[in-house]
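**Q** The structure is given below, and queries will be raised subsequently.
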Amino acid sequence: MKKTDTVFQGPVEAIVDFSFDAAVVDVFEDMVNRSVPGYGLLIALTRTVTRQFAQENTYLYDLGCSLGACALSMHDGSINIPNCNIVGIDTSEDMLRRAHKLCKKLDRIEFICGDIRSTPLSNASVVVLNLTLQFLPREDRDQMIKKVYDALAPGGVLMVSEKTLSADDANQELLTNLYHGFKSDQGYSDLEISQKRDALEAVLIPETVANHLARLKAAGFEQVLPWYQAFSFVSLLAIKK
Ligand code: GEK
């Protein structure tokens, strides 16, 4: 059964940087569903994108896989494609311990505990960075995206979903207020919302959609498009021709 996220419910004396530790893993499904507007839809549409782009005899990568929600969708979306194997990669052992349990009967999915910046990727047709790039230091992001481009076969796709920053101050303020409204609607108190925001401040560094598009194009992706948005959460597709 899903446990309710109460990580930031009580007053925290000193805010420490957010991390994907055992306490977060324990409530992760509840936390991500109540904190990312449209999370369930993004996961469901990963299956649709996979069905369109997965190629036989290739790997499908879920980078920063957490509990493997995208890996599971990629598995379902590639069910009729011969010899497609799914690889989920995450640095958090606590996450992967649970991901293994959730996916243990599916022999096409494997999980690797490692840093996506240094784990080799190759022969890919679908790569997903769902809410993960935002946790890498900014200076490592160009190289990460280039590495994905190099690992993709022609016709392959990268799906990047991120919390983004608006280029316009008034729009940023409006989207922030709407997002806090969404979190209140999910039952989070003002204290929980502000303590979580403070804990994420130094570790989740959002960028503008224009920055993301420019980086994807600079890496070589020939077709790049935003295809989904819920408040500041935006998803982009980048296709290698
Ligand atoms: C989902 N994609 O449910 N290497 C590997 N993993 C990393 C790294 C890194 N350098 N940095 C962070 N992570 C998931 C949700 S959560 C997003 C992704 C969120 C991992 C980190 O351990 C965590 O599991 C994940 O990236 C980010 O669709 O909770 O907002």
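**Q** Would you pick out the residues in region 1-56 that are within 15 Å of the ligand (Cβ to nearest atom), at pLDDT below 85 and of a type outside the set (Asp, Glu)?
**A** Once the filter is applied, which keeps residues that are within 15 Å of the ligand (Cβ to nearest atom), at pLDDT below 85 and of a type outside the set (Asp, Glu), region 1-56 yields LYS2, VAL7, PHE8, PHE18, SER19.
**Q** Determine, yes or no, whether ARG108 is near the ligand (Cβ under 9 Å from one of its atoms), in contact (Cβ under 8 Å) with a residue 24 or more places away in the chain, surrounded by fewer than 18 Cβ atoms within 10 Å (Cβ to Cβ) and not β-branched (Val, Ile, Thr).
**A** Values: near the ligand (Cβ under 9 Å from one of its atoms): no; in contact (Cβ under 8 Å) with a residue 24 or more places away in the chain: yes; surrounded by fewer than 18 Cβ atoms within 10 Å (Cβ to Cβ): yes; not β-branched (Val, Ile, Thr): yes.
No: the conditions fail for ARG108.
**Q** Are any of the residues in region 22-38 out of contact with any Phe, Trp or Tyr (no Cβ under 7 Å at 6 or more places or on another chain), closer than 27 Å to TYR149 by Cα and in contact (Cβ under 8 Å) with a residue 60 or more places away in the chain?
**A** For region 22-38, residues out of contact with any Phe, Trp or Tyr (no Cβ under 7 Å at 6 or more places or on another chain), closer than 27 Å to TYR149 by Cα and in contact (Cβ under 8 Å) with a residue 60 or more places away in the chain: absent.
**Q** Still on this model: Is there a residue in region 213-227 that is out of contact with any Asp or Glu (no Cβ under 8 Å at 6 or more places or on another chain), buried (at least 19 other Cβ atoms within 10 Å of the Cβ) and modelled with pLDDT of 95 or more?
**A** Yes; the residues of region 213-227 include at least one that is out of contact with any Asp or Glu (no Cβ under 8 Å at 6 or more places or on another chain), buried (at least 19 other Cβ atoms within 10 Å of the Cβ) and modelled with pLDDT of 95 or more.
**Q** Next question. What residue, among those in region 115-131 that are within 13 Å of the ligand (Cβ to nearest atom) and of a type in the set (Ser, Thr, Tyr), is surrounded by the fewest Cβ atoms within 10 Å (Cβ to Cβ)?
**A** SER118
**Q** Restricting to region 69-97, count the residues that are assigned to a helix (DSSP H, G or I) and either within 20 Å of ALA44 (Cα to Cα) or more than 15 Å from the ligand (Cβ to nearest atom) (or both).
**A** Total meeting the criteria: 9.
**Q** When region 31-58 is examined, which residues are found to be over 12 Å from LEU131 (Cβ atoms), among the hydroxyl-bearing types (Ser, Thr, Tyr) and either surrounded by fewer than 21 Cβ atoms within 10 Å (Cβ to Cβ) or touching a Leu at 6+ places or on another chain (Cβ under 7 Å) (or both)?
**A** Those that are over 12 Å from LEU131 (Cβ atoms), among the hydroxyl-bearing types (Ser, Thr, Tyr) and either surrounded by fewer than 21 Cβ atoms within 10 Å (Cβ to Cβ) or touching a Leu at 6+ places or on another chain (Cβ under 7 Å) (or both): THR48, THR50.
The values are calculated or read from the model by the stated rules, or taken from the named source; none is laboratory data. Owing to the predicted nature of the structure, the values given are computational and were not obtained by experimental measurement. As a convention, Cβ positions derive from the backbone with ideal geometry for all residues, glycine included, and neighbour counts pool all protein chains shown.
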